[in-house]
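The values are calculated or read from the model by the stated rules, or taken from the named source; none is laboratory data. Bear in mind the structure is a predicted one, so any value in this text is a computation, not a measurement. Here Cβ is always computed from backbone atoms with ideal geometry, including for glycine, and neighbour counts include all displayed protein chains. Keep in mind that these areas ignore ligands, DNA and RNA; they rest on the heavy atoms of the full protein, side chains included. Shrake-Rupley method; radii C 1.70, N 1.55, O 1.52, S 1.80 Å.
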Amino acid sequence: MDEEDMMMMRKVLRSDRGSAGGSQGQLTASSAAAAGAVGPSPCAACKLLRRRCTPDCIFAPYFPAHQPHKFASVHKVFGASNVNKMLQELPEHQRSDAVSSMVYEANARVRDPVYGCVGAISCLQQQIDHLQKELALAQAEVVQLRLRQFGSDANAATNSPETASPSPTYVLSSSHQSRSFFSMDLVDEASMRPEESLWSC
């Protein structure tokens, strides 16, 4: 075997080893990608902090991976270490409410860095005061309208025919009855004999 044959055999062996190593590397990368796809995705906190999300991660139940903005605002205002400390100090049944409060405060602080929630509460209180004044004015107008309605009903009642003075016909008839009654008495008394007087004992 001469030197040229030896060189050719070495090249063939090198090319075979390289192709085998490349295929093995591709297999390893594809298996790792498949394992990563099958495994659970990290929570939003661990993804933002770029750390491994463990099964007992304290952030995972409250900061899911599909809500990254939730932890981003909380981390920006409070810091991840402070949030971790607060959650560990609270009982498990109160952690969800605490996270909701922190998210609300963080969002308000992002919108208004100076006042935060206090600014929102002050604005709502002003709206309540304004609506209470409008309600008081409306109630006063209702009372005035009721008083006017009551006065108009009273005037209508005093001017109605039922409460007016008796009719002239009624007066004449009554006077006629009284005259006829007294005249009848006089006639009866005049027609009586002197011994049958009413005033006699």
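Results, tabulated for the structure shown:
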{"quantity": "Whole-percent carbon and sulfur share, accessible surface of region 40-111, 1.4 Å", "calculated": "52 percent"}
{"quantity": "Given charges at beta-carbon only (K, R positive; D, E negative), |dipole| of region 40-111 in Debye", "calculated": "420 debye"}
{"quantity": "Phi to ³J(HN,Hα) by Karplus 6.51 cos²θ - 1.76 cosθ + 1.60 over region 136-153, Hz, x for Gly, Pro", "calculated": "5, 5, 5, 5, 5, 5, 5, 5, 4, 5, 5, 5, 4, 5, 5, x, 5, 5"}
